[in-house]
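The values are calculated or read from the model by the stated rules, or taken from the named source; none is laboratory data. Not measured: the values here are computed from a predicted model. Ideal geometry is used to build each Cβ from the backbone, glycine not excepted, and the neighbour counts take in all protein chains shown.
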Amino acid sequence: KQEVTQIPAALSVPEGENLVLNCSFTDSAIYNLQWFRQDPGKGLTSLLLIQSSQREQTSGRLNASLDKSSGRSTLYIAASQPGDSATYLCAVRWEDKIIFGKGTRLHILP
Amino acid sequence: DTGVSQDPRHKITKRGQNVTFRCDPISEHNRLYWYRQTLGQGPEFLTYFQNEAQLEKSRLLSDRFSAERPKGSFSTLEIQRTEQGDSAMYLCASSFQGYEQYFGPGTRLTVT
């Protein structure tokens, strides 16, 4: 059975710190993995998409890595800011389905 | 084209009524997805279309749910005989092929 897990469920860190969010998945035969941000009561904003053949993607202060063999992806956020406070979700696509994790609620303390 | 749009943004209905939601994808995207999200959970996949063809349906999509994309552009999601358990945020996303998905703002459904 394909599953996606995100740990931790919630995280609070002081402003300026670097941090890592984790996403793990069963079944390494994925097509791609996408990281999203969601603000309360809002839709999802795409952050980074990693194809199965790629190891990492970068956008500004964000870096996402993918290790298919171990079933893991990490989202690294550098120099965190209060505006980064949100829920971060990873979504894994296999041939026949897309499964989201439950997300990590991130709170950046000013 | 500024992104994926959904209408209405909020819907309150009484149990047993039918509701219909609309999603307008990014114009050049051929795939359109519907998800449902409840509080504290990630979105759950419901169904997706490639052009006008509905290619995948989740077991979550009971007989009371139906989705259409008649001309390969906008899509509608109808829920018949709504139940309180249908209360959720309904999200639509679009993509070109299986690439990056872009989400709309969602329709929040409350069934009383």
Study note, to complete from the structure: Filtering the stretch B:8-49 down to residues that are over 20 Å from A:Thr87 (Cβ atoms), in contact with a Leu (Cβ under 9 Å, 6 or more places away or on another chain) and part of a loop (DSSP other than H, G, I, E, B) yields B:Pro25
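Identify, from the list B:Thr47, B:Thr107, B:Thr76, B:Thr82, the residue that is under 16 Å from A:Ile99 (Cβ atoms) and β-branched (Val, Ile, Thr). Full working, then the answer.
Details: B:Thr107 fails: under 16 Å from A:Ile99 (Cβ atoms); B:Thr76 fails: under 16 Å from A:Ile99 (Cβ atoms); B:Thr82 fails: under 16 Å from A:Ile99 (Cβ atoms).
Being under 16 Å from A:Ile99 (Cβ atoms) and β-branched (Val, Ile, Thr) holds for just one of B:Thr47, B:Thr107, B:Thr76, B:Thr82, which is B:Thr47.
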Review point. Does any residue of the stretch A:34-54 turn out to be over 30 Å from B:His10 (Cα atoms), more than 12 Å from chain B (Cβ to nearest Cβ) and small (Gly, Ala, Ser)?
Key: yes
**Study point:** Residue that is surrounded by the fewest Cβ atoms within 10 Å (Cβ to Cβ) [pool: residues in the stretch B:1-30 that are at pLDDT 95 or above and among the charged types (D, E, K, R)]
**Key:** B:Lys14
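Could you count how many residues in the stretch B:71-107 are modelled with pLDDT under 90 and within 14 Å of another protein chain (Cβ to nearest Cβ)? Working first, answer last.
Going through the stretch B:71-107, the residues modelled with pLDDT under 90 turn out to be B:71-72, B:97-100.
Filter once more, keeping what is within 14 Å of another protein chain (Cβ to nearest Cβ): B:97-100.
Residues flagged as modelled with pLDDT under 90 and within 14 Å of another protein chain (Cβ to nearest Cβ) within the stretch B:71-107 amount to 4.
Among the residues of the stretch A:84-96, how many are touching a strand residue (DSSP E or B) at 6+ places or on another chain (Cβ under 8 Å) and either assigned to a strand (DSSP E or B) or more than 16 Å from A:Trp35 (Cα to Cα) (or both)? Walk me through it before giving the result.
Let us first name the residues in the stretch A:84-96 that are touching a strand residue (DSSP E or B) at 6+ places or on another chain (Cβ under 8 Å), namely A:84-93, A:96.
Still in the running and either assigned to a strand (DSSP E or B) or more than 16 Å from A:Trp35 (Cα to Cα) (or both): A:86-93, A:96.
Number satisfying all stated conditions: 9.
Looking at A:Gly16, A:Gly60, A:Gly71, can you tell me which residue is away from chain B (no Cβ under 13 Å), at positive phi and either among the polar types (S, T, N, Q) or touching a Ser or Thr at 6+ places or on another chain (Cβ under 6 Å) (or both)?
Values: A:Gly16 fails: either among the polar types (S, T, N, Q) or touching a Ser or Thr at 6+ places or on another chain (Cβ under 6 Å) (or both); A:Gly60 fails: either among the polar types (S, T, N, Q) or touching a Ser or Thr at 6+ places or on another chain (Cβ under 6 Å) (or both).
Of A:Gly16, A:Gly60, A:Gly71, the one residue that is away from chain B (no Cβ under 13 Å), at positive phi and either among the polar types (S, T, N, Q) or touching a Ser or Thr at 6+ places or on another chain (Cβ under 6 Å) (or both) is A:Gly71.
Okay, residues lined up against (1) crowded, with 17+ Cβ neighbours inside 10 Å; (2) within 10 Å of the chain's Cα centre (by Cα); (3) not polar (S, T, N, Q):
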position	(1), (2), (3)
A:Gly41	no, no, yes
A:Thr45	no, no, no
A:Leu48	yes, yes, yes
A:Ser70	no, no, no
A:Gly83	no, no, yes
A:Cys90	yes, yes, yes
A:Arg93	yes, no, yes
A:Asp96	no, no, yes
Exercise for review: Scan the stretch B:50-81 residue by residue and report those that are in a loop (DSSP other than H, G, I, E, B) and free of Cβ contacts under 8 Å to residues at least 24 places away in the same chain.
Suggested key: B:Asn51, B:Glu52, B:Ser58, B:Arg59, B:Leu61, B:Ser62, B:Asp63, B:Arg64, B:Pro70, B:Lys71
Study note, to complete from the structure: Restricting attention to the stretch A:82-98, the residues that are more than 7 Å from chain B (Cβ to nearest Cβ) and either hydrophobic (A, V, I, L, M, F, W, C) or at positive phi (or both) number exactly 5
Check your understanding: Does at least one position in the stretch B:65-82 carry a residue that is aliphatic (A, V, I, L, M) and out of contact with any Phe, Trp or Tyr (no Cβ under 7 Å at 6 or more places or on another chain)?
Key -> no
Study note, to complete from the structure: When (1) within 25 Å of B:Thr47 (Cα to Cα); (2) in contact (Cβ under 8 Å) with a residue 60 or more places away in the chain; (3) part of a strand (DSSP E or B) are applied to A:Ile108, the one that fails is (1)
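Taking the conditions exactly as written (within 13 Å of another protein chain (Cβ to nearest Cβ) and either buried (at least 16 other Cβ atoms within 10 Å of the Cβ) or modelled with pLDDT under 95 (or both)), does B:Ala67 satisfy them or not? Spell out how you get there, then give the answer.
Working: within 13 Å of another protein chain (Cβ to nearest Cβ): no; either buried (at least 16 other Cβ atoms within 10 Å of the Cβ) or modelled with pLDDT under 95 (or both): yes.
Spelling it out, it is not the case that B:Ala67 is within 13 Å of another protein chain (Cβ to nearest Cβ) and either buried (at least 16 other Cβ atoms within 10 Å of the Cβ) or modelled with pLDDT under 95 (or both).
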Check your understanding: Filter the stretch B:36-51 for residues that are aromatic (Phe, Trp, Tyr) and within 10 Å of another protein chain (Cβ to nearest Cβ); which is nearest to B:Ser87 (Cα to Cα)?
Key -> B:Phe45
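Could you check the stretch A:10-25 and list, in sequence order, the residues that are closer than 17 Å to A:Lys102 by Cβ and surrounded by 13 or more Cβ atoms within 10 Å (Cβ to Cβ)? Please lay out each step first, then the result.
First, pick out the residues of the stretch A:10-25 that are closer than 17 Å to A:Lys102 by Cβ: A:10-11, A:21-25.
Correct list: A:Leu11, A:Leu21, A:Asn22, A:Cys23, A:Ser24, A:Phe25.
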